[in-house]
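Visitor: Just dropping this structure here.
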Amino acid sequence: ESYDMDGHDTYMHKEICEQADAVDRVLRGRIDDRFATVHLGGLGIDAREARAVRRVKILGCGSAYHAGQIGAQLIEELARIPADAEPASEFRYRNAVVDPDTLYIAVSQSGETYDTLAAVQELKRKGARVLGVVNVVGSAIARETDGGVYVHAGPEVCVVSTKCFTNTAVAFALLALHLGRVRDLSVADGKRIIAGLRRLPEQIAEILRGEEEIEKLAGAYANARSMMFVGRVRGYPVAREASLKLKEVSYVHAEAYPASELKHGPLALIEPEVPSVAIVPDDELLEKNRATLEEIKARSGRILAVGHQPQDVADHTIVVPRNEPELDPILLGIPLQLLAYHAALALGRDIDKPRNLAKSVTVE
Ligand code: AGP
């Protein structure tokens with residue numbers, strides 16, 4: 001991959017379209033079929049140390065933070081270690097308790113985001129072990145951390161992150177699998193996740209082949225006054241990232257909420273001019289999510305669902321291929337990158353350089 005536009009009109013479009021290859025790259029050379037695990041050469045912690053981890057705290061900003069939320073869920077699900085993600089920009093200001101049994105992970109595309117770097121430096125000062133999940137090799141965060149996983153997304157030029165977000169989520173799946181297999185994840189589950197990881201590049205290519213359909217939908221939603229993005233548990237970080245993407249590149253106001261929180265306030269916003277995008281995978285929460293669609297419809301809200309099968313209550317559904325439930329969030333967000341892109345295009349926005357934003361925020 002290079003800095004050439006390769007025939008695309010924008011870097012955003014180019015980078016969205018590169019995702020099958022990018023995911024292939026983050027997987028390459030790391031899978032160990034014999035032991036149903038992965039090798040992460042630069043991690044810097046051995047199996048005994050991995051077993052001693054009592055908690056994982058993931059820190060990043062913006063899209064990196066959202067990828068970290070997906071990562072925290074993967075680590076909880078596959079390695080059964082309590083894990084959560086927090087904006088690095090908040091963490092660094094709150095004099096957090098630094099716990100020696102917690103593994104801290106800083107996430108960053110550029111590796112230069114000042115808030116994330118400052119959080120790493122503060123953690124190191126207090127004796128914490130900090131790993132990096134970083135794209136740019138040799139960047140400040142890569143240098144300051146004790147080890148980590150490179151994301152191998154290749155150069156990301158557009159201010160709005162797409163392929164790096166996806167690759168970061170895959171890198172977390174690898175880390176979670178690695179941690180799980182030295183703790184109590186079974187061989188069978190290890191194999192199941194590896195098979196799912198291997199399916200990702202082709203499934204991403206399949207989603208991207210549906211671009212024309214998504215372009216039409218974007219035309220229908222681009223003039224919304226505001227949009228709600230909702231998802232439950234695995235779907236919630238997907239909703240947050242999709243909402244950020246739409247805001248950044250199209251300037252359409254959007255909010256993301258856990259689907260379960262709608263009835264605690266945001267339902268008041270639902271009306272025909274405020275459509276909802278609902279993340280509705282075929283997992284154990286499908287019926288709960290369908291109930292959310294009914295709640296929105298009952299308030300005359302238009303619904304665009306993203307899931308594994310058409311939803312009757314929704315006005316439109318984008319169907320994505322099914323993977324393993326733990327890995328589904330990696331795929332569910334990809335059509336919504338295209339939705340944001342085409343909405344921005346329809347509105348004539350400066351896609352690669354949205355107003356008021358910089359690719360990496362290296363100042364306080
Ligand atoms: C992504 O679309 C954003 N432009 C932004 O939120 C970005 O993810 C954030 O500033 C963090 O950047 P980093 O990954 O380089 O640390």
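Computed from the coordinates by the stated procedures, all read-outs in this text should not be read as laboratory data. This is a predicted model, so every value here is computed, not measured. Glycine also receives a Cβ, built like all others from the backbone with ideal geometry; neighbour counts cover every protein chain displayed.
Visitor: Please state, as a whole number in µm²/s, the translational diffusion coefficient that the Stokes-Einstein equation yields for the chain at 10 °C and 1.306 mPa s, with Rh defined as the Kirkwood radius across alpha carbon pairs. Before the final figure, lay out the partial values.
Guide: Numbers: Rh = 20.5 Å.
Estimated via Stokes-Einstein, D reaches 77 µm²/s.
Visitor: Moving on. For the stretch 54-117, take the alpha-carbon Rg, divide it by the Kirkwood Rh, and send me Rg/Rh. Present the calculation step by step, with values, prior to reporting the outcome.
Guide: Details: Rg = 11.3 Å, Rh = 11.7 Å.
Reported Rg/Rh (Cα atoms, Kirkwood Rh): 0.96.
Visitor: Between Asp46, Asp146, Asp84, find the one with the highest GNM mean-square fluctuation for the chain; connect C-alpha pairs within less than 10 Å.
Guide: Most flexible of the set in this elastic network: Asp46.
Visitor: For the stretch 4-63, what percent of Cα pairs sit more than 14 Å apart?
Guide: Within the stretch 4-63, distances greater than 14 Å cover 75 percent of Cα pairs.
Visitor: Starting from the Kirkwood Rh over alpha-carbon pairs, what translational D in µm² s⁻¹ does the stretch 284-354 have by Stokes-Einstein at 37 °C and 0.692 mPa s? Spell out each step's value before the answer.
Guide: Values: Rh = 13.9 Å.
Estimated diffusion coefficient is 237 µm²/s.
Visitor: In whole angstrom, note down how far apart the Cα centers of the stretch 92-155 and the stretch 206-260 are.
Guide: About 29 Å separates the Cα centre of the stretch 92-155 from the one of the stretch 206-260.
Visitor: Using the number of other C-beta atoms within 10 angstrom as an exposure proxy, rank Cys17, Cys158 with the fewest first.
Guide: Details: Cys17 20, Cys158 23.
Arranged by neighbour count, lowest to highest, Cys17, Cys158 become Cys17, Cys158.
Visitor: Going by how many other Cβ atoms sit within 10 Å of their own, how do Ser139, Ser276, Ser360 line up, fewest first?
Guide: Numbers: Ser139 19, Ser276 30, Ser360 16.
Lowest count first: Ser360, Ser139, Ser276.
Visitor: Please report, to two decimal places, log10 I(q)/I(0) for the stretch 86-218 at q = 0.14, 0.21 Å⁻¹ as given by the Debye formula with identical point scatterers on the Cα atoms and no solvent.
Guide: -0.77, -1.22
Visitor: Picking from Val26, Val38, Val53, which is most flexible by a Gaussian network model of the chain using Cα springs under 10 Å?
Guide: The residue that fluctuates most here is Val53.
Visitor: Quick check: the angle from helix 211-221's long axis to the longest principal axis of the chain, C-alpha only, nearest 10 degrees?
Guide: Around 60 degrees separate the two axes.
Visitor: Is it possible to state the helix-based mean residue ellipticity at 222 nm for the chain, with each DSSP H run of 4+ residues giving -39500 (n - 2.57), the sum divided by total residues, to the nearest 500 deg cm²/dmol? What is it?
Guide: Working: 14 runs with 155 residues, N = 364.
Using -39500 (n - 2.57) per qualifying helix, the result is -13000 deg cm²/dmol.
Visitor: A follow-up question, please. Can you give me the long-range amide H partners of Leu103? Hydrogens built in the peptide plane at 1.01 Å from N, cutoff under 5 Å, separation of 5 or more residues or another chain.
Guide: Arg54, Arg55, Val56, Lys57
Visitor: Using a simple spin-label model with points 7 Å from Cα along the Cα→Cβ vector, what separation in nm is obtained for Tyr251 and Tyr3?
Guide: Roughly 2.8 nm, to one decimal.
Visitor: Starting from the eigenvalues of the Cα gyration tensor, five times each then square-rooted, give me the equivalent ellipsoid semi-axes of the stretch 209-286, largest first, whole Å.
Guide: 20, 17, 11
Visitor: What ranking do Thr292, Thr116, Thr10 get, fewest neighbouring Cβ atoms within 10 angstrom at the top? Could you put the intermediate results ahead of the total?
Guide: Values: Thr292 25, Thr116 32, Thr10 20.
The most exposed by this proxy come first: Thr10, Thr292, Thr116.
Visitor: In a Debye calculation with equal point scatterers on the alpha-carbon sites of the stretch 235-364 and no solvent, what is log10 I(q)/I(0) at q = 0.11, 0.21, 0.22 Å⁻¹?
Guide: Computed log10 I(q)/I(0) values: -0.41, -1.27, -1.35.
Visitor: For the stretch 1-106, what are the per-bin percents of Cα-Cα distances with bins 5 Å wide, up to the bin holding the maximum?
Guide: In order of increasing distance, the bins hold 2, 9, 14, 18, 19, 15, 10, 8, 4, 1, 0 percent.
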